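Each value in this text was obtained by applying a stated rule to the coordinates, not by laboratory testing. This structure is a prediction, so every number in the text was calculated from the model and none was measured. Here Cβ is always computed from backbone atoms with ideal geometry, including for glycine, and neighbour counts include all displayed protein chains.
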Ligand code: ADP
Ligand code: MG
């Protein structure tokens, strides 16, 4: 069974990985955006960790809402509301689930991604965070249904996220600031896909 400790350690590890990779995220965003993705993500993930510390007794849905609100309110960039939507819809999907297992957790992540896609009006291969998250969640769901342990399924999901992240290099950006560059965005990795791969990696590492 999955408890609040997993969500807490997941977001804690995500904040650490983002801090470690801040420079890299900023460099990616300086090539095809406005060079603030590293700072945005550091600010947002720190706010999530602070919000969790201020709510020691919250359950998973309440904590996920805190995480979403922190990302939404503390990140100035486009990515904040999108991560915020992901976390909030993930939490909502678990509101009536008594015992959260790997399957329910993966389904809730899917609900979060669906909400993010609706909010961002994003399609696959628009060169966004969705291109890392979508293959990761497809793999996670497939592997859980095939009977894998959560940890093994997450390892496969992390590899899929990293492959999806790497695949954004060849894509033409169709959403966000990078889309202003059109064809000139080709040859650069999407910064949001890079931070999303860290989100999946953090979950793998703590599960
Ligand atoms: P901003 O673009 O406002 O400066 P960030 O730099 O923090 O915000 O985030 C940029 C990232 O947000 C992009 O790399 C991309 O992954 C993601 N993004 C932008 N627009 C969308 C969208 N419509 N749908 C999904 N992701 C998006
Ligand atoms: Mg930016």
Starting from the Cα of residue 149, step 7 Å along the direction of its Cβ; do the same at residue 24; then give the gap between the two resulting points in nm.
2.7 nm
Rg (one decimal) and Dmax (whole number) from the Cα set of region 1-101, in Å, equal 14.0, 45
How would 180, 83 line up from fewest to most surrounding beta-carbon atoms within 10 angstrom?
180, 83
Angstrom value of the Kirkwood radius, inverse mean 1/r, which spans all Cα pairs in region 164-207
11.1 Å
I'd like the distance between the alpha-carbon centres of region 1-35 and region 176-207, rounded to an integer number of Å.
11 Å
Note down the nm distance, to one decimal, between modelled labels 7 Å out along Cα→Cβ at residue 95 and at residue 53.
3.0 nm
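Equivalent-ellipsoid semi-axes (√(5λ), Cα gyration tensor) for the chain, whole Å, largest first?
In descending order, the three semi-axes are 26, 19, 14 Å.
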Given R₀ = 22 Å, what would the calculated FRET efficiency be for residue 163 paired with residue 39, taking r from the Cβ atoms and rounding to 0.05?
0.25
Sort the following peptides by mean Cβ neighbour count (other Cβ atoms within 10 Å, averaged over residues), highest first: 54-63, 138-147.
138-147, 54-63
